[in-house]
Structure formats: C-alpha cells, structure tokens
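Just below is one structure, and these are the notes that go with it.
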Amino acid sequence: MADKRTILQIEEAFSDYQCPICTLVETMNDNHIRILLYESVNDRSLRKRFMKEEGFCKRHAGKALEAGSPLNQAILYDALLEDILKRLEKDKPLHTQTPCLFCEKEKDNEAYLVGAFKDGLELTDFTEAYKSNGILCATHLEKVLALLKRDRMKRETLKTVTKEKYAKLSEVLKSIKSKHDYRNKDDAWSGAERILWKRVVHLVRQNDDDRQ
Ligand SMILES: [Zn+2]
Ligand SMILES: [Zn+2]
C-alpha cells in the first residue's frame with residue numbers, strides 16, 4: 001500500500017476535469033528542476049549525471065530555462081559544451097541516446113502515483129471524492145486499470161465513473177460545434193465551454209516520449 005500522505009495528496013489534487021496524477025507529476029517535476037538549479041548545481045554527483053546524460057531533453061531543457069538561475073545553468077552547460085568541443089575535435093558522436101535525468105525521475109514519480117491511486121480506491125472517501133470531482137486522463141486511466149486487472153469490481157466502478165465524465169465532455173464539444181452552425185451563429189460559447197475544451201486536450205493527449 002502506498003503511503004497515506006500520497007493518497008491524500010492525490011485526493012486533494014482532484015479538481016474539475018484535470019487529472020490529479022498529471023498535476024502532481026508536473027508539480028514534482030517543477031520542484032525537482034528548482035532544487036537542481038538552485039541548490040544542487042555544486043553537487044558533484046549530480047553534475048556528473050548531467051554530463052553522462054548529456055544535458056536535459058528538449059522539454060525539460062525548456063522547463064529549466066523558464067525556471068531561471070542563469071548562472072547555475074551556465075555552469076552546467078559550460079561543462080557540457082567543453083565536452084562537446086572535445087568530441088568534435090576527436091570526430092566522436094556529439095550525442096548518444098540516453099534518457100534525461102528529469103524524464104527518469106518523472107517516470108518513477110508517475111509509477112508511484114499510479115500505484116497510490118489504485119490503493120486509494122480501497123478507501124471509501126477517496127472513491128467518493130473521485131466520483132464527485134475526480135477524473136483521470138486517458139493515459140493514467142489505462143495505467144490504473146491495468147493494475148486493477150484482478151479486481152473486477154473496482155475496475156468497473158472506475159470505468160463507469162470516468163466514462164460518464166468523458167461523455168459529459170463530449171457533450172460540451174458537441175455544443176461548441178453546434179454553435180458554429182450558421183443557424184446558431186449568434187450563440188456565444190459559455191464560460192464553461194471556453195475552459196473545458198482545453199481540459200479535454202490535456203486529458204486525451206498522449207504522454208511525451210523521453211527524448212523529443
Ligand atoms: Zn494524467
Ligand atoms: Zn526529460
């Protein structure tokens with residue numbers, strides 16, 4: 001069983017049409033980037049990993065750029081740049097395909113959260129909270145369902161509840177489409193429609209690959 005604190009954290013992250021696992025993975029990732037950039041840049045083992053993994057992937061390099069701390073990034077990237085210069089000199093490959101430090105960590109966090117979500121379904125409060133204001137994105141729904149392979153009851157409950165929510169979102173998108181029909185052209189999008197269509201994008205998009 002995952003620790004209660006994590007299960008509670010997931011429950012607290014339930015919010016209108018946003019996947020709690022995606023939300024928490026993102027928060028943990030941001031914290032990890034901040035810690036590395038602001039506190040651990042002089043940690044030799046971390047610097048070594050950064051070198052070994054040849055920096056960050058495109059997505060995480062972008063996130064790190066947004067996080068600031070230019071001096072610390074300059075320290076990390078200068079070491080990497082010197083290494084690239086050496087390889088160039090020796091006609092060695094400039095990049096080899098290694099997973100990025102943050103991608104690896106993200107995968108571990110995600111696997112733990114998916115397991116904790118499944119454990120949360122053992123608790124009535126958690127299950128009720130999911131029914132009233134939770135939703136999982138398609139990627140995480142599939143991962144939790146896979147863990148529930150042997151628990152038909154919970155599997156069906158999770159499927160039924162989530163299906164209802166997805167169906168509601170589909171109605172929202174249909175309503176948006178109908179408003180673009182010339183016969184209804186004077187109907188404006190409602191406030192909820194303006195928000196929810198974007199939530200759908202997040203709920204059904206596929207997770208990024210490690211390296212892009
Ligand atoms: Zn998700
Ligand atoms: Zn990455």
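Taking only the range 1-23 into account, find how many residues are of a type outside the set (S, T, N, Q), within 30 Å of GLU193 (Cα to Cα) and without any contact (Cβ under 8 Å) to a residue 60 or more places away in the chain. Break it down stepwise before answering.
The first filter runs over the range 1-23 and keeps only residues of a type outside the set (S, T, N, Q), leaving 1-5, 7-8, 10-14, 16-17, 19-22.
The next check asks that each one be within 30 Å of GLU193 (Cα to Cα); those that pass are 8, 10-14, 16-17, 19-22.
Applying the additional criterion that residues be without any contact (Cβ under 8 Å) to a residue 60 or more places away in the chain yields 8, 12-13.
Number of matching residues: 3.
Residue-wise test of (1) assigned to a helix (DSSP H, G or I); (2) in contact with a Lys or Arg (Cβ under 9 Å, 6 or more places away or on another chain).
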position	(1), (2)
ALA64	yes, no
ASP91	no, no
LEU94	no, yes
ASP108	yes, no
LEU113	yes, no
ALA116	yes, no
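Could you tell me whether TYR17 is closer than 30 Å to ARG155 by Cβ and either β-branched (Val, Ile, Thr) or at pLDDT 95 or above (or both)?
Working: closer than 30 Å to ARG155 by Cβ: yes; either β-branched (Val, Ile, Thr) or at pLDDT 95 or above (or both): no.
For TYR17, the condition - closer than 30 Å to ARG155 by Cβ and either β-branched (Val, Ile, Thr) or at pLDDT 95 or above (or both) - is not met.
Looking at (1) in a helix (DSSP H, G or I); (2) in contact (Cβ under 8 Å) with a residue 12 or more places away in the chain; (3) out of contact with any helix residue (DSSP H, G or I) (no Cβ under 8 Å at 6 or more places or on another chain), which is the one condition that is false for ASN72?
Answer for ASN72: the failing condition is (3).
Tell me which of these VAL201 doesn't satisfy, since it passes every other one: (1) surrounded by 13 or more Cβ atoms within 10 Å (Cβ to Cβ); (2) within 16 Å of ligand 1 (Cβ to nearest atom).
Failing condition for VAL201: (1).
Which of (1) touching a residue at least 60 places away in the same chain (Cβ under 8 Å); (2) at positive phi is the odd one out, the single condition GLU54 does not satisfy?
Result: GLU54 passes all but (1).
Taking only pairs six or more apart or across chains, which ones have beta-carbon atoms under 6 Å, a first residue in the range 187-203 that is free of Cβ contacts under 8 Å to residues at least 12 places away in the same chain, and a second residue that is away from ligand 1 (no atom under 16 Å from the Cβ) and in a helix (DSSP H, G or I)?
Going by the 6 Å Cβ cut-off, the qualifying pairs are ASP187/LYS179.
Kindly indicate the residue of the range 27-47 that is surrounded by fewer than 15 Cβ atoms within 10 Å (Cβ to Cβ), over 13 Å from ALA64 (Cα atoms) and of a type in the set (D, E, K, R) and also modelled with the lowest pLDDT among those meeting that condition.
Of everything passing the filter in the range 27-47, ASP43 is modelled with the lowest pLDDT.
Which of the residues belonging to the range 161-212 are part of a helix (DSSP H, G or I), polar (S, T, N, Q) and closer than 23 Å to ALA111 by Cα? Break it down stepwise before answering.
Pass one, the range 161-212, residues part of a helix (DSSP H, G or I): 161-179, 182-184, 191-204.
Okay, now just the ones that are also polar (S, T, N, Q), so 162, 170, 175, 178, 184.
If the condition is that a residue be part of a helix (DSSP H, G or I), polar (S, T, N, Q) and closer than 23 Å to ALA111 by Cα, then THR162 is the only one that fits.
Could you check THR23 against (1) within 16 Å of ligand 1 (Cβ to nearest atom); (2) among the hydroxyl-bearing types (Ser, Thr, Tyr); (3) at pLDDT below 95 and say which number it fails?
It is condition (3) that THR23 fails.
Would you please list the contacts, defined by Cβ atoms under 9 Å and residues six or more apart or on different chains, that run from a residue in the range 136-158 that is assigned to a helix (DSSP H, G or I) to a residue that is of a type in the set (Asp, Glu) and within 16 Å of ligand 2 (Cβ to nearest atom)?
HIS140/GLU110; LYS143/GLU110
For a quick check of your reading of the model, give me the residue pairs whose first member lies in the range 122-133 and is under 15 Å from GLN9 (Cα atoms) and assigned to a helix (DSSP H, G or I), whose second is acidic (Asp, Glu) and modelled with pLDDT of 95 or more, with beta-carbon atoms closer than 7 Å and at least 6 apart or on different chains.
Pairs found: PHE126/GLU11; ALA129/GLU11.
Only one residue in ASP91, ASP108, ASP119 is more than 16 Å from ligand 2 (Cβ to nearest atom), of a type in the set (Asp, Glu) and closer than 24 Å to LEU147 by Cβ. Which one?
On the way: ASP91 fails: closer than 24 Å to LEU147 by Cβ; ASP108 fails: more than 16 Å from ligand 2 (Cβ to nearest atom).
On inspection, the qualifying residue turns out to be ASP119.
Just to be sure before I move on: is ILE84 surrounded by 13 or more Cβ atoms within 10 Å (Cβ to Cβ) and without any contact (Cβ under 8 Å) to a residue 12 or more places away in the chain in the structure I sent? So that I can check it myself, show each step before the final result.
Details: surrounded by 13 or more Cβ atoms within 10 Å (Cβ to Cβ): yes; without any contact (Cβ under 8 Å) to a residue 12 or more places away in the chain: yes.
Taking the combined requirement at face value, the residue satisfies it.
Which number in (1) exposed (fewer than 12 other Cβ atoms within 10 Å of the Cβ); (2) over 18 Å from the mean Cα position of the chain (by Cα); (3) closer than 22 Å to ASN207 by Cα; (4) not β-branched (Val, Ile, Thr) marks the one condition that GLU53 misses?
Of (1) exposed (fewer than 12 other Cβ atoms within 10 Å of the Cβ); (2) over 18 Å from the mean Cα position of the chain (by Cα); (3) closer than 22 Å to ASN207 by Cα; (4) not β-branched (Val, Ile, Thr), only one is false for GLU53: (1).
The values are calculated or read from the model by the stated rules, or taken from the named source; none is laboratory data. Here the structure is a predicted model, which means the values were calculated and not measured. We place every Cβ from the backbone using ideal geometry, glycine too, and count neighbours over all the protein chains shown.
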